[in-house]
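The structure under discussion appears below in the form of structure tokens.
The values are calculated or read from the model by the stated rules, or taken from the named source; none is laboratory data. Quick caveat: nothing in here was measured; it's all calculated off a predicted structure. Counting neighbours? That spans all protein chains shown, and the Cβs are built from the backbone with ideal geometry, glycine included.
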Amino acid sequence: MSKNNQKKAKDIKIRRMNFNFKNIHIGKCIENRVEEMAMSMDRICNFHKTTEDKIQTMYMQKSLDSAVLLKWCKLLDYDFFRIYTQHLILFAPENNSHINTSKGKTALPRFRKNVYTRQVVDFILELINTGQKTKYQVIEEYRIPKTTLYKWISKYNDNKE
């Protein structure tokens, strides 16, 4: 690998480690993925059937319409919706059991488990390793089960305690 490619790979890794799940800017995420894939603007414009100016405008937008985002997911082979899922896992308030949802019945699909990506695991472990949060704070604030957190620490943590 050339020095230039090594530097790009290192920059990409650093961007992943510092990802802010609380303040998502989806346009920048898409732009970063385009850079990672070195995709040509011609291909992007043809896929979206739009102009380069409109693509550049999308890169600057903090949020995008879900249909447009779905097209980006297909083009870039990346699930950008998962970023929002991780945000919900980390920052959504606890379920309100006092809200009546027709005795728990809903037409929407139900998901049994939280899906934690490696980026979320790294984010949580970084909070603990840097002393920004204690294990107890992580368990309480992000509602991550204690056994799950300890499995992550033993499996992924570079700084063995």
Check: Got a sec? Which of GLY104, GLY131 is over 17 Å from the mean Cα position of the chain (by Cα), exposed (fewer than 15 other Cβ atoms within 10 Å of the Cβ) and at pLDDT below 85?
Finding: GLY104
Next item on the list: Could you check VAL34 against (1) within 30 Å of LEU149 (Cβ to Cβ); (2) at pLDDT 95 or above and say which number it fails?
Entry: (1)
Item checked: Selection count where residues are part of a loop (DSSP other than H, G, I, E, B), modelled with pLDDT of 85 or more and among the small types (Gly, Ala, Ser), scope the range 66-101 -> 0
Check: Name the pairs whose Cβ atoms lie under 7 Å apart, with the first residue in the range 117-131 and under 12 Å from ASN157 (Cβ atoms), the second of a type in the set (S, T, N, Q) and part of a helix (DSSP H, G or I), and 6 or more positions between them or separate chains?
Finding: none
Notebook entry, point to check: Out of all the residues in the range 45-65, which are outside any loop (DSSP other than H, G, I, E, B) and without any contact (Cβ under 8 Å) to a residue 12 or more places away in the chain?
Noted result: CYS45, ASN46, GLU52, ASP53, LYS54, GLN56, THR57
Next item on the list: Working carefully through the options TYR156, TYR142, find the one that is within 11 Å of LEU90 (Cβ to Cβ), in contact with a Leu (Cβ under 8 Å, 6 or more places away or on another chain), hydroxyl-bearing (Ser, Thr, Tyr) and surrounded by 12 or more Cβ atoms within 10 Å (Cβ to Cβ).
Entry: TYR142
